[in-house]
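Only one structure is covered here, and it is reproduced in the block below.
The values are calculated or read from the model by the stated rules, or taken from the named source; none is laboratory data. These numbers come from a predicted model, not from an experiment. FYI the Cβ positions are ideal-geometry reconstructions off the backbone, even for glycines, and counts take in every protein chain you see. Quick note on the areas: whole protein, heavy atoms, side chains included, nothing else; ligands and nucleic acids left out. Shrake-Rupley method; radii C 1.70, N 1.55, O 1.52, S 1.80 Å.
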Amino acid sequence: MNITISEKNGTVIGVLDGRLDTAAAPQFAKDMEPLMAKANLPIVLDCTKLEYVSSSGLRLFLTLRKKTMAEGGSVTIKGVNAEIKQVFTITGFNSLFNFE
């Protein structure tokens, strides 16, 4: 699991690549610290290359959302495949995030 973080026009962009499973979640939590530090800004998570997300991965999405809500930012998720979108829907997380 890799994340590449950049900033463009006041928006922080995180490009996720790989599988966000239970084994990858602890490292991903560390790798997403720069996103947490910019929680006052709009954050876009580009999940075009994300292959899988587990419940541990969903927890990290939720942690980021809580932080941005507290600091006045937002999280938009774009490019999720049908299986990942279904996971968000089944868990009810689809109502917590903006999707593009």
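Couple of notes before you dig in:
- Cβ pairs under 7 Å, 6+ apart, first in the range 82-97 and without any contact (Cβ under 8 Å) to a residue 24 or more places away in the chain, second open to solvent by less than 70 Å² (accessible area, probe 1.4 Å) and hydrophobic (A, V, I, L, M, F, W, C): Asn94/Phe88
- Output for the range 70-84, where each listed residue is β-branched (Val, Ile, Thr) and within 13 Å of Pro42 (Cα to Cα): Val75, Thr76, Ile77
- Residue in the range 50-73 that is basic (Lys, Arg), in contact with a strand residue (DSSP E or B) (Cβ under 8 Å, 6 or more places away or on another chain) and closer than 16 Å to Phe97 by Cα present: yes
- For the condition over 14 Å from Gly14 (Cα atoms), at pLDDT 95 or above and touching a Leu at 6+ places or on another chain (Cβ under 9 Å), Gly72 qualifies.
- Within the range 1-25, being over 18 Å from Gly57 (Cβ atoms) and not in a loop (DSSP other than H, G, I, E, B) holds for Ser6, Glu7, Lys8, Thr11, Val12, Ile13.
- Each residue in the range 7-31 was checked for being loosely packed, with under 12 Cβ neighbours inside 10 Å, under 21 Å from Gly72 (Cα atoms) and of a type outside the set (D, E, K, R), and 2 of them qualify.
- Matching residues in the range 45-73 - criterion: being surrounded by fewer than 17 Cβ atoms within 10 Å (Cβ to Cβ) and either part of a loop (DSSP other than H, G, I, E, B) or of a type outside the set (A, V, I, L, M) (or both): Thr48, Lys49, Glu51, Tyr52, Ser54, Ser55, Ser56, Arg59, Thr63, Lys66, Glu71, Gly72
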